[in-house]
1. Can you run phi through the Karplus equation (6.51, -1.76, 1.60; θ = phi - 60°) for region 92-104 and list ³J(HN,Hα) in whole Hz, with x for Gly and Pro?
2. Per the Debye formula with a single identical scatterer at each Cα and no solvent contribution, what log10 I(q)/I(0) holds for region 79-134 at q = 0.21, 0.22 Å⁻¹?
3. Tell me, what is the 1.4 Å probe accessible area of Glu11, in Å² to the nearest 10?
4. Out of region 88-134, which trypsin sites (Lys or Arg not before Pro) are coil in DSSP terms and have no more than 12 other C-beta atoms within 10 Å?
5. What ³J(HN,Hα) values, in whole Hz, does the Karplus curve 6.51 cos²θ - 1.76 cosθ + 1.60 give for region 26-33 when θ = phi - 60°, with x put for Gly and Pro?
6. Grab the eigenvalues of the alpha-carbon gyration tensor for the chain, scale each by 5, take roots, and send me the semi-axes largest first in whole angstrom.
7. Summarise the accessible area of region 39-134 (1.4 Å probe, protein heavy atoms) by the percent that is carbon and sulfur.
8. If you wrap a convex hull around the Cα atoms of region 1-78, how much volume per residue is inside, in Å³?
Amino acid sequence: MSTSPADLVREFHRAFGLDVRSTPTEVPPALAEQRKNLLAEEAAEVAEVSHGGLLDRLAHELADVVYVAYGTALVHGIDLDAVLVEIHRSNMTKIGPDGRIARRADGKVLKGEHYRAPDVSAVLRRQGWRPEGA
Ligand SMILES: [Mg+2]
């Protein structure tokens with residue numbers, strides 16, 4: 001059995017009769033609203049246990065966020081693995097050729113002059129996305 005998040009969440013959606021699309025597609029507003037609320041609930045649960053909570057609770061809620069995010073991608077017909085690869089490619093360009101890394105005071109890695117933004121539109125187009133008006 002595959003343990004990739006995309007495969008697990010697809011199995012869940014099929015088992016429970018939830019939406020599954022295979023091409024990037026807009027969805028009805030009510031469904032988009034439901035997905036937004038599900039993700040917001042899970043993100044809030046991460047926030048609740050981020051400080052001083054037990055580590056198993058944090059792990060649980062983080063996994064819920066990933067699960068719901070993959071579900072939302074599936075509902076929209078987005079291959080989220082491919083999008084993640086593109087985000088990673090872009091993030092890695094935050095390291096300059098000299099290996100130097102710029103950080104904000106709170107530790108967040110900043111974009112340097114060699115930073116290349118992700119082209120998520122191109123990834124979705126390769127998946128068959130045809131944006132309206134384009
Ligand atoms: Mg949860």
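1. 5, 6, 5, 7, x, x, 7, x, 6, 10, 8, 10, 6
2. -0.79, -0.83
3. Roughly 110 Å² of Glu11 is accessible to a 1.4 Å probe.
4. Numbers: sites: Arg89, Lys94, Arg100, Arg103, Arg104, Lys108, Lys111, Arg116, Arg125, Arg126; in loops: Lys94, Arg100, Arg104, Lys108, Lys111, Arg116.
When the trypsin sites (Lys or Arg not before Pro) of region 88-134 are filtered for loop state and at most 12 Cβ neighbours within 10 Å, Arg100, Arg104, Lys108, Arg116 remain.
5. My calculation for region 26-33 gives 5, 10, x, x, 5, 5, 4, 5 Hz in order.
6. Numbers: eigenvalues 158, 112, 38 Å².
Semi-axis lengths for the chain are 28, 24, 14 Å.
7. Details: 3790 of 6550 Å².
Reported share for carbon and sulfur atoms: 58 percent.
8. Working: hull volume 7.2 nm³, N = 78.
Convex hull of Cα atoms, per residue: 92 Å³.
The values are calculated or read from the model by the stated rules, or taken from the named source; none is laboratory data. Source: prediction; values computed, not measured. Backbone-built Cβ (ideal geometry, glycine too); neighbour counts: all protein chains shown. Just so you know, the surface numbers come from the protein's heavy atoms only, side chains and all, with ligands and any DNA or RNA stripped out. Shrake-Rupley method; radii C 1.70, N 1.55, O 1.52, S 1.80 Å.
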